[in-house]
Amino acid sequence: MLKLTFARKLIAAAACAAAVIAPAHAAEKTYRLKLAETWPTNFGTFSVPAREMADLAEKMSNGRLKIEIDTANKHKSAFGVFDMVRAGQYDMGHSASYYWKGKVPNTLYFTTMPFGMTATEQYGWFYYGGGMELMQKVYEPFGLMSVPGGNTGVQMGGWFRKEITSVDDLKGLKMRIPGFAGEVLAKLGASPTNIAPGELYTSLERGTIDALEWVGPSMDLRMGFHKIAPFYYTGWHEPATELQFLINKKKFESLPEDLQQILLTAMKVSAYDMTINSHHVSAENWVTMKTEFPNVQVKDFPPEVVAALKKANDELLSEAAAADPLAKEILDSQASYLKQSRVWTDIGERAYLNSMAEE
């Protein structure tokens, strides 16, 4: 059973109250859905959204909507969630959109983009700047719906066995890094790869890879990467990593309208809760890391390296936009929203933080 925080208890109480004032549904049909996760069992923050969503949906529907969750340990296909939900083997999934870039390249833009939007900016784009409509345009041909499923915030740049002092150090580097950032590193001579979450530690330990990025303090310490790779770099590649709920569209449309809305609301609430929980746990774990693991060396990439990454990123964005009209539409929309939104971020949050730093 999901352990409820005070905030979640308030949400659950409201859901129970809604059920009490709508008793007419008590004798109605129960709808059962199955959800597949990319994550293994008990996988920290990433394991929370699907369970919270299922718990809220059941309570708000007065028990009419029940969702069974299978982790990757059970279905044995961490990167098969897209295909399983599309085929109807599962009704829903919880994963990350950029994992499907090999199948549908335009899916990768809906997780995060290097040097792109922060979590607040990206949520604004999704819900008020046309992002949701563009995401559905990508997933619609496959009989799928995609809904934001929780954000990690800014991710760390990764764990490295050796210090990165120049662009040359990236050449031949075997690194676990998904999404568009992997393409950026490949352009600079690295060898990016994607590895299922449950295999990351072993791959780093055995030297299959030289470096990896995962999330940040909210998830990384429990994985034990600091025992192998002492250099921990700050981020550039995933400023707002949004997970996703995948839904089989035909199955969703078969639900009564009220249950459709309940399901969407439960997903939105659980995504928001993961986002704030990620910040909270990262803050806690950062203190733990600095006190219990003082040998971890936190580094910024040298300016020369960041400039090369940014240049490669801009070139790849231009190539992607030129090659595909839908990619161009998505990238133009993101760039336009970022340009507008970042002005306020600078005037608001950056100015505030800068003023605090000057005290």
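The values are calculated or read from the model by the stated rules, or taken from the named source; none is laboratory data. Please read these numbers as outputs of a predicted model, since none were measured by experiment. Ideal geometry is used to build each Cβ from the backbone, glycine not excepted, and the neighbour counts take in all protein chains shown.
Contact annotation: residue pairs with Cβ atoms under 7 Å, 6 or more positions apart or on different chains, pairing a residue in the stretch 75-98 that is touching a residue at least 12 places away in the same chain (Cβ under 8 Å) and closer than 18 Å to Trp214 by Cβ with a partner that is aliphatic (A, V, I, L, M) and part of a loop (DSSP other than H, G, I, E, B), are Ala78/Ala196; Phe79/Ala196. Could you look through the stretch 215-237, keep only residues that are under 18 Å from Leu170 (Cα atoms) and of a type outside the set (S, T, N, Q), and pick out the one that is surrounded by the most Cβ atoms within 10 Å (Cβ to Cβ)? So, considering only residues that are under 18 Å from Leu170 (Cα atoms) and of a type outside the set (S, T, N, Q), the one surrounded by the most Cβ atoms within 10 Å (Cβ to Cβ) is His237.
So that you can scan it fast, the table gives a plain yes or no per residue for (1) under 19 Å from Gln122 (Cα atoms); (2) touching a Ser or Thr at 6+ places or on another chain (Cβ under 9 Å); (3) among the acidic types (Asp, Glu):
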| residue | (1), (2), (3) |
| --- | --- |
| Gln136 | yes, yes, no |
| Met145 | yes, no, no |
| Leu170 | no, no, no |
| Arg176 | no, yes, no |
| Asn194 | no, no, no |
| Tyr201 | no, no, no |
| Gly216 | yes, yes, no |
| Ile247 | no, yes, no |
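Take the stretch 272-323 and flag every residue that is more than 23 Å from Ala240 (Cβ to Cβ), among the acidic types (Asp, Glu) and in contact (Cβ under 8 Å) with a residue 24 or more places away in the chain. The one that is more than 23 Å from Ala240 (Cβ to Cβ), among the acidic types (Asp, Glu) and in contact (Cβ under 8 Å) with a residue 24 or more places away in the chain: Glu304. Taken over the stretch 124-165, residues that are of a type in the set (Phe, Trp, Tyr), in contact with a strand residue (DSSP E or B) (Cβ under 7 Å, 6 or more places away or on another chain) and in a helix (DSSP H, G or I) amount to 2.
Restricted to helices (runs of 4 or more DSSP H) entirely inside the stretch 1-81, those with at least 3 residues that are at pLDDT 95 or above are 48-60, 72-75. Within the stretch 166-209, the residues that satisfy the criterion of being closer than 19 Å to Asp300 by Cβ, in contact (Cβ under 8 Å) with a residue 24 or more places away in the chain and assigned to a loop (DSSP other than H, G, I, E, B) are Ser166, Leu173, Ile177, Leu188.
Of these, Phe252, Phe245, which one is closer than 25 Å to Pro148 by Cβ and either assigned to a strand (DSSP E or B) or among the charged types (D, E, K, R) (or both)? The conditions single out Phe245.
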